[in-house]
Amino acid sequence: MPYIYMIRCTDQSLYTGITTDVGRRMQEHFYRKSSGAKYTRSHKMLSLEMVWETDNWSLAAKLEYRIKQMPKSKKELLLLHPEQADEIVSAGQQDRKVYIPHPDWKLGRYIKEKKGESSYETAGTAASFSDGA
């Protein structure tokens with residue numbers, strides 16, 4: 001099952017990607033592994049902002065592309081209203097939901113805080129080391 005995700009970096013930039021394994025991909029980004037994105041190797045990951053689930057890679061690639069074309073202000077609005085992902089891709093022409101948002105999936109679900117370290121936090125944005133449960 002493919003997933004589209006948006007992560008926030010410490011400079012408050014947003015990165016969007018797709019994967020079939022969210023946990024593996026978050027670790028690649030967070031630990032700046034060579035298998036991770038070049039962007040997140042130079043922009044430290046702060047938080048997992050949103051994950052959408054869909055049925056096939058083609059649908060995932062369409063949403064990822066559309067999000068990457070958006071200005072940051074529109075991306076921030078999408079994070080506030082993740083249920084609108086279908087409208088971004090289909091312009092409201094589909095009558096079924098193809099993108100299922102998972103706003104409760106947070107970084108702590110995949111990255112565990114090491115003993116003695118504290119959670120990252122910036123003005124108004126927590127790194128979300130808890131999975132919201």
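The values are calculated or read from the model by the stated rules, or taken from the named source; none is laboratory data. As the structure is a prediction and not an experimental result, all values here were calculated from the model. When we count neighbours, we look across all protein chains shown, and the Cβ atoms used for this are built from the backbone with ideal geometry, even at glycine.
A single member of Glu87, Glu113, Glu76, Glu83 is at pLDDT 50 or above, closer than 15 Å to Met26 by Cα and not β-branched (Val, Ile, Thr), and it is Glu113. Please work out which residue is nearest to the chain's Cα centre (by Cα), limiting yourself to segment 15-44 and to residues that are among the β-branched types (Val, Ile, Thr) and modelled with pLDDT of 95 or more. Taking the candidates together, the pick is Thr16.
Taken residue by residue, segment 58-71 has at least one member that is farther than 18 Å from Leu14 by Cα and surrounded by fewer than 15 Cβ atoms within 10 Å (Cβ to Cβ). The residue of segment 5-32 that is surrounded by the fewest Cβ atoms within 10 Å (Cβ to Cβ), among those that are outside any helix (DSSP H, G or I) and among the hydrophobic types (A, V, I, L, M, F, W, C), is Cys9.
Entry remark, segment 1-36: residues being among the hydroxyl-bearing types (Ser, Thr, Tyr) and farther than 22 Å from Arg66 by Cβ number 4 in total.
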